[in-house]
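Have a look at the structure below, then the notes.
The values are calculated or read from the model by the stated rules, or taken from the named source; none is laboratory data. Just so you know, these numbers come straight off a predicted model, no measurement behind them. We place every Cβ from the backbone using ideal geometry, glycine too, and count neighbours over all the protein chains shown. With ligands, DNA and RNA removed, areas are computed over all heavy atoms of the protein, side chains included. Shrake-Rupley method; radii C 1.70, N 1.55, O 1.52, S 1.80 Å.
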Amino acid sequence: MINLSKRKLLPQETGGALPKSKHKSKRMERKKKKDVKRSTQNLIPYVKMFSNGVALLPNQRYSATIKVEDINYQIANDEKREDIFSYWMQLLNSLTPEEGMDITIHNHSLDEEQYRDDVLIKYREDDCDKYRGEINNMLINGMKTGSNNIISDKYISFAIKEETLDDAYRELSTIQKELMRKLKTLGCLFPEQRMMRGSERLELLYNIMQPKKKLHFDYEHLDGLSTKDAIAPDGIHFENNASFKIEDRFCKVLFLKNYSTELCDAFLSDLSKLQYNFTINIHLKIIDQAEALQLVMRQKATIEKDKTKEEQKAYKNGYSPEMIPEETKYSYQEARTLLEDIKTRNQRLFSCQFVMLLNCASKEELEELERRAINVAKKHNLNLGAIYFLQEAGFQSALPLCYSRLPIERTLTTSAAASFIPFTSMELNHRTKNSIYYGINGISGNLLRCDRVLLLNPTGWIFGKPGSGKSFKCKEEMLMFLLMNPNVDVIVIDPEMEYVHLAKLKGIDGTIVELNNTSGNFLNPLDGEIE
């Protein structure tokens with residue numbers, strides 16, 4: 001059940017007094033809205049989520065989502081960062097006015113028990129358990145120093161308007177392949193070379209609304225229920241005009257009240273470092289070039305009119321026209337620069353909305369997260385604040401569905417919109433049973449764990465000056481492999497006899513083979529099986 005407070009309407013929503021001829025139609029619309037049953041299911045703003053990952057939205061729009069891995073942007077050198085930023089601008093410029101795109105950053109808690117189960121080496125009750133204990137203590141200490149209990153996932157959603165599901169799926173698949181191709185140019189990797197399936201998108205929506213809970217869902221066992229029944233929380237209570245509750249969790253939606261004249265590309269990176277549960281969703285929609293030119297020219301004409309009035313006022317009162325208000329001169333110069341950017345500098349205009357959904361376990365935690373987020377925004381000359389009277393619409397707009405009900409938007413050029421680049425630094429944290437611990441990420445403080453089998457090139461080299469610990473590192477990595485999986489084969493060519501003691505450890509079951517002129521052992525490279 002959903003408990004809603006009566007929400008006052010802002011001027012943007014009312015639009016002033018209605019003509020009498022429209023009163024009847026508006027009353028009918030309100031009556032229809034009252035007839036719709038209010039429930040948490042109906043609050044989730046999609047019509048249907050298909051198993052192939054396509055979501056049907058209101059107004060016959062369809063959306064899909066892809067998950068992208070991070071890239072080393074914030075830590076790259078200036079030349080590399082400029083290249084990535086330039087490619088990102090080209091990607092945004094390639095959108096069409098019919099397409100909408102959401103950039104989503106989802107910070108969420110990991111299941112600590114599951115994470116420890118994935119990371120720590122299992123004991124086998126043999127003589128090597130003491131070594132496993134030492135390695136596990138090292139891993140536990142590493143988890144405490146970083147932000148390993150919070151993970152930041154990044155998604156891109158896109159939407160189009162089509163008549164049928166088949167047409168929508170074909171068009172969305174084409175857009176997805178083109179987006180992936182361009183993102184790979186930036187260095188992005190993808191967990192799966194496809195759009196997210198319906199079950200994966202549902203799990204994402206469920207995790208946004210109800211962190212630390214697991215979704216148990218199967219399309220084959222819906223039994224007449226809808227997908228919304230599977231993910232909808234038991235209750236959403238809009239208790240006041242600036243916050244709400246999802247079951248027992250305290251939530252609030254923030255938005256960017258104003259934008260700096262020079263947006264910084266580190267803003268999203270700094271926000272994503274906050275160790276709390278939240279979701280950032282940025283809606284971007286490109287404006288048709290002809291419409292954008294008309295919009296800017298109208299704005300320029302309006303400012304020119306104001307500027308002329310101020311100059312005439314100056315002549316009339318006997319002072320120099322150069323003494324007109326600085327704000328008027330600045331606005332006129334900005335309008336001229338914007339028009340020049342659109343005409344000659346390959347800049348497009350975007351309609352942009354920035355919303356941030358905070359989801360905390362207590363009211364105190366919510367207040368602390370809001371304070372920290374606002375301080376990060378102030379650091380970048382931005383003003384982040386709560387959406388008063390529009391928390392319900394803000395909640396719906398924060399979900400990665402390419403859907404927004406908010407009447408709040410800002411027009412940005414390509415370069416300004418591209419400043420909302422979501423990439424920070426690449427994380428190497430494979431969660432498989434054969435992942436090896438390699439240390440701590442110097443940027444995020446997270447564990448570095450790698451399963452060589454998952455890499456495009458599993459080979460590796462260890463370089464260092466004499467005495468820097470190359471041999472020790474080799475022994476450590478071999479020992480980790482053997483302690484995690486006793487059935488793995490580790491073959492060492494050891495002319496210096498440095499690794500003999502590893503083969504002699506109880507529980508390793510190693511074999512030492514001497515190869516020299518007098519041992520009688522030899523290798524025949526032609527006596528082997530070729531698969």
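So what's the back-of-envelope 222 nm ellipticity for the chain, counting only DSSP H runs of four-plus at -39500 (n - 2.57) apiece and dividing by all residues, rounded to 500?
Details: 17 runs with 204 residues, N = 531.
That comes out to -12000 deg cm²/dmol.
Taking the 1.4 Å solvent-accessible surface of the chain as the whole, the part contributed by carbon and sulfur is 50%.
Computed from point charges on the beta carbon alone (+1 for Lys and Arg, -1 for Asp and Glu), the dipole magnitude for region 237-286 about its Cα centre is near 100 Debye.
When the charge dipole of region 264-399 is built from unit charges on Cβ atoms (+1 for Lys and Arg, -1 for Asp and Glu) and taken about the Cα centre, the candidate among Leu295, Gln391, Leu366 whose Cα reaches farthest toward its positive end is Leu295. Based on C-alpha pairs under 8 angstrom that are at least 6 apart in sequence, the chain has a relative contact order of 22 percent.
Scoring 521-529, 154-162 by mean Cβ neighbours within 10 Å over their residues and listing the highest first yields 154-162, 521-529.
May I ask you to derive the FRET efficiency for Lys378 and Val492 from their Cβ-Cβ distance with R0 = 45 Å, giving the value to the nearest 0.05?
Values: r = 56 Å, r/R0 = 1.25.
Efficiency computed from Cβ-Cβ geometry: 0.20.
Starting from 0.36 nm per residue, how many nanometres of slack lie between Leu165 and Glu365 once their C-alpha separation is accounted for?
67.8 nm
Relative contact order of region 313-425: 28 percent, from C-alpha pairs under 8 Å at least 6 residues apart in sequence. Rounded to the nearest 20 debye, the dipole size of region 35-124 about its Cα centre is 520 debye, using +1 on the Cβ of Lys and Arg and -1 on the Cβ of Asp and Glu.
Which entries in the list Lys161/Lys184; Lys213/Lys252; Lys273/Lys475; Lys122/Lys506; Lys257/Lys313 go over 24 Å, if you measure between the two C-alpha atoms of each? The partial results should precede the final answer.
Working: Lys161/Lys184 26 Å; Lys213/Lys252 19 Å; Lys273/Lys475 35 Å; Lys122/Lys506 17 Å; Lys257/Lys313 33 Å.
Beyond 24 Å between Cα atoms: Lys161/Lys184; Lys273/Lys475; Lys257/Lys313.
Only one residue of Ile436, His283, Asn517 has its Cα farthest out toward the positive end of the dipole of the chain, where Lys and Arg carry +1 and Asp and Glu -1 on Cβ, and that residue is His283. Extending 7 Å from Cα along the Cβ direction at Lys177 and again at Glu322 yields two label points whose distance is 6.2 nm. Shown in residue order for region 403-419 are the 3J(HN,Hα) couplings computed by the Karplus curve 6.51 cos²θ - 1.76 cosθ + 1.60 at θ = phi - 60°: 9, 8, 10, 6, x, 10, 8, 9, 8, 10, 7, 4, 5, 6, 5, 5, 5 Hz (x for Gly and Pro). Charge dipole of region 148-231 (Cα centre as origin; +1 on each Lys and Arg Cβ, -1 on each Asp and Glu Cβ, all else neutral): 580 debye, rounded to the nearest 20. Remark: the Phe463-Asp126 segment gains 118.0 nm on full extension, using 0.36 nm per residue and subtracting the alpha carbon distance. One decimal place: the segment Glu529-Asp118 gains 144.4 nm when fully extended, by the rule 0.36 nm per residue minus the C-alpha distance.
Counting Lys +1, Arg +1, Asp -1, Glu -1, what net charge surrounds Val453 among other residues with beta carbon under 15 Å of its beta carbon? Don't skip to the answer; put the middle values down first.
Values: positive: Arg431, Lys433, Arg449, Arg452; negative: Asp451, Glu477, Asp489.
Local charge sum for Val453: +1.
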